[in-house]
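Here's the structure, in structure tokens; my notes come after.
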Amino acid sequence: MINVQDNIPTTDPVAIPEKRAVIDQILEENRNLPGSVMVILNELQAKIGFVSPAMQGYVAKKMRVPLQQVHGVVSFYSFFTTEARGKHTVKFCMGTACYVGGADQLIEKSKQVLGVAPGHTTADGMATVEICRCVGACSQAPVVVVDEEMHGRVRPNKLQQILRKAQS
Ligand code: FES
């Protein structure tokens, strides 16, 4: 269970006055609509870019609904994200060919270089790391995609150089 009332990070939109004003406005404008919680979460995703645990707690409190209900909606629909996305996206293909070709070693190396596991964004907000399915370049396995650029036959010792593109 998430406990969002305590220890809200200072970087969370709920803790930033301008962002909090946007959240309050969304709550105010939509609170009486049918399906209001879903509408509000959608608006938050669109205008803030994600729905953090603290934002979920804030919505639950203001709408007087159980936190689990809000959390359930956010976890059920894949278009909701709970963290800010980075400036860049690094995707590791985990399709069969890439897996067999050593994608897991690349992911391990990436954790060392960027400091985050797949599904997360680096502390400096530069890169979001993700796992993806086959990107259709199996003959080039293992494949890493940085933003729109595909890199094939990536070896762990070459990864750091590729990841530099996602660090500035
Ligand atoms: S499995 Fe990675 S490109 Fe096909």
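Side notes on the structure shown:
- Å³ per residue enclosed by the Cα convex hull of the stretch 13-76: 73 Å³
- Within the stretch 77-112: backbone nitrogen closer than 16 Å to the Glu149 label point (7 Å, Cα to C-beta): 87-92
- Value at 222 nm in deg cm²/dmol, rounded to 500, when DSSP H runs of n ≥ 4 in the chain each add -39,500 (n - 2.57): -13000 deg cm²/dmol
- For the chain, the Kirkwood radius over C-alpha pairs fed into Stokes-Einstein at 4 °C and 1.567 mPa s yields D = 74 µm² per second.
- Summarising the label geometry, the points placed 7 Å from Cα in the beta-carbon direction at Ala46 and Phe76 lie 2.0 nm from one another.
- FRET efficiency for Lys61 and Gln25, using Cβ-Cβ distance with R0 set to 22 Å, rounded to 0.05: 0.85
- Each Lys and Arg Cβ is given +1 and each Asp and Glu Cβ -1; about its Cα centre, the chain then shows a dipole of about 360 debye.
- Between Ser36 and Ile16, the FRET efficiency estimated from the beta carbon spacing at R0 = 35 angstrom works out to 0.90.
- Rg(Cα)/(2.2 N^0.38 Å) for the stretch 88-166, N = residue count: 0.96
- Taking all protein chains into account, the per residue accessible area for the stretch 13-76 stands at 53 Å² (1.4 Å probe).
- By the Cβ-Cβ criterion of under 4.7 Å, the unpaired cysteines of the chain are Cys132, Cys134, Cys138.
- The chain, accessible surface, carbon-and-sulfur percent (1.4 angstrom probe): 51 percent
- The charge dipole of the stretch 88-166, taken about its Cα centre with unit charges on the Cβ of Lys, Arg, Asp and Glu (plus for the first two, minus for the last two), comes to roughly 240 debye.
- 24 Å Cα-Cα threshold exceeded, pairs from Lys111/Lys165; Lys61/Lys111; Lys61/Lys91; Lys19/Lys91: Lys61/Lys111; Lys61/Lys91; Lys19/Lys91
- For the chain, share of DSSP beta bridges that run antiparallel, in % to the nearest 5: 55 percent
- Per residue accessible area in Å² of the stretch 88-166, where ligands, DNA and RNA are left out and the probe is 1.4 Å: 54 Å²
The values are calculated or read from the model by the stated rules, or taken from the named source; none is laboratory data. Source: prediction; values computed, not measured. In this analysis, Cβ positions are derived from the backbone assuming ideal geometry, glycine residues included, and neighbour counts consider all displayed protein chains. Quick note on the areas: whole protein, heavy atoms, side chains included, nothing else; ligands and nucleic acids left out. Shrake-Rupley method; radii C 1.70, N 1.55, O 1.52, S 1.80 Å.
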